[in-house]
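*Asks:* Questions regarding the structure given below will be posed in turn.
No value in this document is a laboratory result; all are computed from the given coordinates. From a predicted model like this one, the values you see are computed outputs, not experimental measurements. All Cβ positions, glycine included, derive from the backbone under ideal geometry; neighbour counts span all protein chains shown.
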Amino acid sequence: MKALILVGGFGTRLRPLTLTLPKPLVEFGNKRMILHQIEALAAAGVTDIILAVNYRPEIMEKYLAEYEKEFGINITISIESEPLGTAGPLKLAEETLRKDDTPFFVLNSDVTCEYPFKELAAFHKSHGDEGTIIVTKVEEPSKYGVVVHKPGHQSKIDRFVEKPVEFVGNRINAGIYIFNTSVLDRIELRPTSIENETFPDMVKDDQLHSFDLEGFWMDVGQPKDFLTGTCLYLSSLAKKQSKLLTPTTEPFVYGGNVLIDPSAKIGKNCRIGPNVTIGPDVVVGDGVRLQRCVLLSGSKVKDHAWVKSTIVGWNSVVGRWARLENVTVLGDDVTISDEVYVNGGSVLPHKTIKANVDVPAIIM
Amino acid sequence: MSLQIPHHGKANGNTGATKAVILVGGASRGTRFRPLSLDVPKPLFDVAGHPIIWHCLTAISKVPSIHEVYLIGYYEEHVFRDFIKDSSSEFPDLSIKYLREYQALGTAGGLYHFRDAILKGRPENIFVLNSDVCCSFPLNEMLQLTQERRAEAVILGTRVSEDAASNFGCIVSDSHTRRVLHYVEKPESYISNLINCGVYLFRADVLFPSIRTAIQRRADRPRLGSYRSSENLASSYMFDEEDSQKNEVIRLEQDILGEMADTNLFFVYETKDFWRQIKTAGSAIPANALYLQKAQQSGSSELSAPSANIKGPVFIHPTANVHPTAVLGPNVSIGPRVTIGPGVRIKESIVLEDAEVKHDACILYSIIGWGSRVGAWARVEGTPTPVTSHNTSIIKNGVKVQAITILGKECGVGDEVRVQNCICLPFKDLKRDVSNEVIM
């Protein structure tokens, strides 16, 4: 089987992290975002993966070569010379996608969930129509495009209603699909939208079904959602009693959902959790309080600091008695001086912050 | 007594007896020192480990010719009883008495009311100190100037920025002779940046006649001095009339000093040393810092020895319990029986008696009230103001807020809670983050 991952641009919404690495290479739950997807696809029997990007991803090639070897699969990069939207990239990769008759997966690279590719493929085969999209239940459907089924049908889609005022359903497009190769006949090689052009066309021909997602789902394209998505991911690991999580019997673990790379060092009298990810080679000092935060590799949080709802970028240093909160994001190699308070600061790489940031601000 | 002691110019440098008066005010004054003055009279509030008026007394005790000190104010008798008892044993050469005004008489009115007590023993000179200032009190230098110039009055002056000057009494002096040519209290327009520090030295035989003259003047012609323009002339007159019927409030600043500049040998001693007013509660923080730095410079044994975790100057009361991993200073005072937990950070702050600060908390530019509790990983924070500023408020998002965070008596800050630029009245528990608020 084959898969196409829609990566698109460099991921400006996830700046300042994406000023240093393209989004697919940012670690989510101590694993690069793209690797979560490659792992799940390989496990479902996918042998060819296409990354649809619209920038020159030199830095990605090294990692992709590694993953090809690790999983015994082919990974190719399909570069759009101009952005082709969400459907155009499929047409651009037509040759690979049509290399055999098996259906192929399409996924947005921003989406995190438990990736039920095997189940999706089985369901798709069972109904025999052209496409299946994964849908997820949301609490506030009025903010999204909602899927409406044919009367009396469990899965066949009748229409999409964008931001419905009146309740018409609570299932939304989760950004993960499987299609027969014939879908490529519906797409032209031009900037075009899968959601707004391809799907309505398929619905008209009764060719599109939905598949309910079990478990969590999150678009982690921006820092706030990246943090929320991490919490959901860690909760799902806890539910599965994953060995990856640090056991709650550790004296510093507070409230569970704590993921710590074995190479990280934790000081004395810390209180860590819930929902904390600590990457490789991170150093956490004594008396540190961490909750709902991500410490990326090589970062350091000094003694008595207090960090909440924050992403600490690679190699950054948080000073003693510093306090970070309210979706603060530190880019690569940022230094927060001792005793400084940062409220919702987005700090670009290589900056040193010496005075309080009292209100959310971008520090250039 | 047929042998009259000459007023001045004794060849051997000895001087006649000198007395000192500290004006302490009363409970109905000093409301700007709330919430701290809700629980302790402002003159007795501890900065750098001692009551504000202890610092005045210490300076007075260094003048050899002073043996008698009066505190004049309208607090109840018992308020200063313990302080006077303790100070009398600490300063055995000083006799300290509290003279209570039956009602607020004004700074000069109070002096005049107690003239018989003050003049007893025929003192030659009288120091008058406002208790709400923080400075090095260069009293011996003022006394020396009196002798050199045969002055009848000397005022302590300091230079401030031109913007700040009009908030104070302004002195115009002859730059060469240092004689005061003109004095005006809180002028509307810029007059001079040399301002009144609230510390005076008067010849006894000049002070009381000057006050008497002012009282006489008041009786002849009710004061109209407080009106600012012709529009409110009528209302200010009404107010004044009522005021003068009620009592005879005579103030040194408004009623005496201006006249003295015209009629007397009145000089200014300009200090280059530190000087601050202690008006708002937040101003206790710069005062604390300045007195601690002074103690450090004079090598005071009261201060904690500097170390990796003590960044001097730091005062820790002997009965306080500070964990060795806590990092304190600079400019921190820790009161009696205070408990400071492991990994705590305190900078530019006063922690008052019986307060408790739990592990890993951080306290910056704040006053922690008596018996207050600060939780683990809590952050209580004010905003530093420029060293030269005489203002304790700052503008944040267009709103004026107090720079120093103050917790009144027995307040609580929950674990991990952040309190920034807040004034918290006594007995409040803060369970959520707050900033830029007064919490009733």
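*Asks:* With surrounded by 24 or more Cβ atoms within 10 Å (Cβ to Cβ) and either among the acidic types (Asp, Glu) or touching a Ser or Thr at 6+ places or on another chain (Cβ under 9 Å) (or both) as the only criterion, which of B:CYS197, B:CYS170 stands out? It would help to see each step written out before you state the result.
*Replies:* Numbers: B:CYS170 fails: surrounded by 24 or more Cβ atoms within 10 Å (Cβ to Cβ).
Every option except B:CYS197 fails the conditions.
*Asks:* Next question. If A:ILE278 meets every condition in (1) hydrophobic (A, V, I, L, M, F, W, C); (2) more than 13 Å from chain B (Cβ to nearest Cβ); (3) over 20 Å from the mean Cα position of the chain (by Cα) apart from one, which number is that one?
*Replies:* Of the numbered conditions (1) hydrophobic (A, V, I, L, M, F, W, C); (2) more than 13 Å from chain B (Cβ to nearest Cβ); (3) over 20 Å from the mean Cα position of the chain (by Cα), the odd one out for A:ILE278 is (3).
*Asks:* Okay, next question. Starting from residues that are more than 30 Å from B:SER393 (Cα to Cα) and hydrophobic (A, V, I, L, M, F, W, C), keep the ones in the stretch B:20-70 and report whichever is surrounded by the fewest Cβ atoms within 10 Å (Cβ to Cβ).
*Replies:* Per the stated criteria, the residue is B:VAL63.
Rundown of residues vs (1) of a type in the set (Phe, Trp, Tyr); (2) crowded, with 24+ Cβ neighbours inside 10 Å; (3) within 24 Å of the chain's Cα centre (by Cα), yes/no style:
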residue	(1), (2), (3)
B:ASN140	no, no, yes
B:ARG150	no, no, no
B:VAL154	no, yes, yes
B:ALA164	no, no, yes
B:ARG179	no, no, no
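*Asks:* Given the residues B:PRO64, B:PRO43, which is the only one that is part of a loop (DSSP other than H, G, I, E, B) and either over 30 Å from B:GLY329 (Cα atoms) or not small (Gly, Ala, Ser) (or both)?
*Replies:* On the way: B:PRO43 fails: part of a loop (DSSP other than H, G, I, E, B).
Every option except B:PRO64 fails the conditions.
*Asks:* Among the residues of the stretch A:74-94, are any polar (S, T, N, Q), crowded, with 19+ Cβ neighbours inside 10 Å and more than 30 Å from A:VAL347 (Cα to Cα)? Let's see the steps before the verdict.
*Replies:* From the stretch A:74-94, those polar (S, T, N, Q) are A:74, A:76, A:78, A:81, A:86; that's our starting set.
So of that shortlist, the ones also crowded, with 19+ Cβ neighbours inside 10 Å come out as A:78, A:86.
Then drop every residue that is not more than 30 Å from A:VAL347 (Cα to Cα), which leaves A:78, A:86.
Yes, that holds for at least one residue.
*Asks:* With the stretch A:59-169 as the region, which strands (runs of 3 or more DSSP E) entirely inside it contain at least 2 residues that are without any contact (Cβ under 8 Å) to a residue 60 or more places away in the chain?
*Replies:* So the answer is A:74-79, A:145-149, A:157-162.
*Asks:* Of the conditions (1) under 22 Å from B:SER161 (Cβ atoms); (2) of a type in the set (Asp, Glu); (3) crowded, with 22+ Cβ neighbours inside 10 Å, B:ASP255 clears all except one; give me its number.
*Replies:* Of the numbered conditions (1) under 22 Å from B:SER161 (Cβ atoms); (2) of a type in the set (Asp, Glu); (3) crowded, with 22+ Cβ neighbours inside 10 Å, the odd one out for B:ASP255 is (1).
*Asks:* Let me ask something additional. Of everything in the stretch B:376-403, what is surrounded by 22 or more Cβ atoms within 10 Å (Cβ to Cβ), in a strand (DSSP E or B) and aliphatic (A, V, I, L, M)? Give them in sequence order.
*Replies:* Passing the criteria: only B:VAL380.
*Asks:* While we're here: Do we find that B:GLY312 is out of contact with any Leu (no Cβ under 7 Å at 6 or more places or on another chain), buried (at least 19 other Cβ atoms within 10 Å of the Cβ) and either of a type in the set (Asp, Glu) or under 30 Å from A:ASP303 (Cα atoms) (or both) in this structure? Please lay out each step first, then the result.
*Replies:* Values: out of contact with any Leu (no Cβ under 7 Å at 6 or more places or on another chain): no; buried (at least 19 other Cβ atoms within 10 Å of the Cβ): yes; either of a type in the set (Asp, Glu) or under 30 Å from A:ASP303 (Cα atoms) (or both): yes.
No: the conditions fail for B:GLY312.
*Asks:* Step by step: first the residues of the stretch A:293-308, then only those that are surrounded by fewer than 22 Cβ atoms within 10 Å (Cβ to Cβ) and touching a Gly at 6+ places or on another chain (Cβ under 9 Å), then the one that is nearest to A:LYS239 (Cα to Cα). Which residue is that? Steps first, answer last, please.
*Replies:* Residues of the stretch A:293-308 that are surrounded by fewer than 22 Cβ atoms within 10 Å (Cβ to Cβ), as a first pass: A:297-298, A:300, A:302, A:308.
Those left that are additionally touching a Gly at 6+ places or on another chain (Cβ under 9 Å): A:297-298, A:300, A:302.
On the way: A:SER297: 25, A:GLY298: 29, A:LYS300: 29, A:LYS302: 31 Å.
Going through the qualifying residues, I end up with A:SER297.
*Asks:* For the stretch B:330-375, how many residues meet the condition of being in a loop (DSSP other than H, G, I, E, B), within 13 Å of chain A (Cβ to nearest Cβ) and surrounded by fewer than 24 Cβ atoms within 10 Å (Cβ to Cβ)?
*Replies:* Within the stretch B:330-375, the subset in a loop (DSSP other than H, G, I, E, B) is B:330-331, B:335-338, B:341-344, B:348, B:352-355, B:358-361, B:365, B:369-372, B:375.
Filter once more, so that each one left must be within 13 Å of chain A (Cβ to nearest Cβ): B:330, B:341-344, B:348, B:358-361, B:365, B:375.
Within this subset, residues satisfying the condition of being surrounded by fewer than 24 Cβ atoms within 10 Å (Cβ to Cβ) are B:330, B:341-342, B:348, B:358-359, B:365, B:375.
Summing the residues that are in a loop (DSSP other than H, G, I, E, B), within 13 Å of chain A (Cβ to nearest Cβ) and surrounded by fewer than 24 Cβ atoms within 10 Å (Cβ to Cβ) in the stretch B:330-375 gives 8.
*Asks:* Just to verify a result, which residue in the stretch A:45-68, among those that are among the small types (Gly, Ala, Ser) and surrounded by fewer than 19 Cβ atoms within 10 Å (Cβ to Cβ), is nearest to A:SER297 (Cα to Cα)?
*Replies:* Looking only at the stretch A:45-68, we keep the residues that are among the small types (Gly, Ala, Ser), and these are A:45, A:52, A:65.
Next, only the ones that are surrounded by fewer than 19 Cβ atoms within 10 Å (Cβ to Cβ) stay: A:45, A:65.
On the way: A:GLY45: 31, A:ALA65: 22 Å.
Once the filter is applied, the top-ranked residue is A:ALA65.
*Asks:* Restrict the check to the stretch A:304-317 and report whether at least one residue is in contact (Cβ under 8 Å) with a residue 24 or more places away in the chain, in contact with an Asp or Glu (Cβ under 6 Å, 6 or more places away or on another chain), of a type outside the set (Lys, Arg) and within 12 Å of chain B (Cβ to nearest Cβ).
*Replies:* No: zero hits.
*Asks:* Would you mind finding the one in A:VAL253, A:VAL288 that is of a type in the set (A, V, I, L, M) and within 14 Å of chain B (Cβ to nearest Cβ)? Walk me through it before giving the result.
*Replies:* Values: A:VAL253 fails: within 14 Å of chain B (Cβ to nearest Cβ).
Every option except A:VAL288 fails the conditions.
*Asks:* Kindly indicate whether any position in the stretch A:312-328 is under 20 Å from A:PHE28 (Cα atoms), in a strand (DSSP E or B) and of a type in the set (D, E, K, R).
*Replies:* yes
*Asks:* Has the stretch A:331-349 got at least one residue that is more than 27 Å from the chain's Cα centre (by Cα), within 13 Å of chain B (Cβ to nearest Cβ) and among the aromatic types (Phe, Trp, Tyr)?
*Replies:* yes
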